[in-house]
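Notes follow the structure.
The values are calculated or read from the model by the stated rules, or taken from the named source; none is laboratory data. Since this is a predicted model, take the numbers as computed values, not measurements. Here the Cβ is made from the backbone with ideal geometry for all residues, glycine too, and neighbour counts use every protein chain on show.
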Amino acid sequence: MHELALAMPHVTVEYGTGDNPVYQVGGKSFVFFRNPRPDAVDPDTGERHADVIVFWVESEAEKQALVQDEASQFFTTAHFNGHPSVLLRASRIGELTRDELAEVVQDAWLSRASARRAADWLRAHPPA
């Protein structure tokens, strides 16, 4: 995941609380690692998930498509209602192919990059 985020142009990395990486483009976060929070817990033990990654998405429709698919590893919590992002536990990242993960990272970057940067990147990387 780190390699994919850093491969996008104009990316900087800031470090949040707990030294968690926050990947940004133009000063806007597009992927970050969350600290354990009370809204993301193991349903059996109540233990807070310590491995939640937040990915920005383009729209509420895209968010819903990712979280409502029963086969999807992505989820959301009430804390993120109205926020254009989806969550993924790092412990489940291996359930995605590299191409699937790359698409999510690229879409997150595109959702936060300036229009010019996004257009430049899309011209250089036309959809297959």
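Points worth noting:
- Residue check, H83 out of contact with any strand residue (DSSP E or B) (no Cβ under 8 Å at 6 or more places or on another chain), touching a residue at least 24 places away in the same chain (Cβ under 8 Å) and closer than 22 Å to R112 by Cα: no
Per-residue answers, yes or no, for (1) at pLDDT 90 or above; (2) under 16 Å from the mean Cα position of the chain (by Cα); (3) within 21 Å of R92 (Cα to Cα):
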position	(1), (2), (3)
H10	yes, no, no
Y23	yes, yes, yes
G26	yes, no, no
D39	no, no, yes
D44	no, no, yes
F55	yes, yes, yes
A65	yes, yes, yes
F75	yes, yes, yes
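- Residue satisfying all of: in segment 75-100; of a type in the set (A, V, I, L, M, F, W, C) and out of contact with any helix residue (DSSP H, G or I) (no Cβ under 6 Å at 6 or more places or on another chain); farthest from G27 (Cα to Cα) among these: L96
- Only helices (runs of 4 or more DSSP H) whose full extent lies in segment 22-128 are considered here, and the ones with at least 2 residues that are closer than 19 Å to M1 by Cβ are 60-68, 98-112.
- For segment 5-21, a residue qualifies if it is of a type outside the set (G, A, S) and outside any loop (DSSP other than H, G, I, E, B), and the qualifying residues are L6, V11, T12, V13, E14, Y15, T17, D19, P21.
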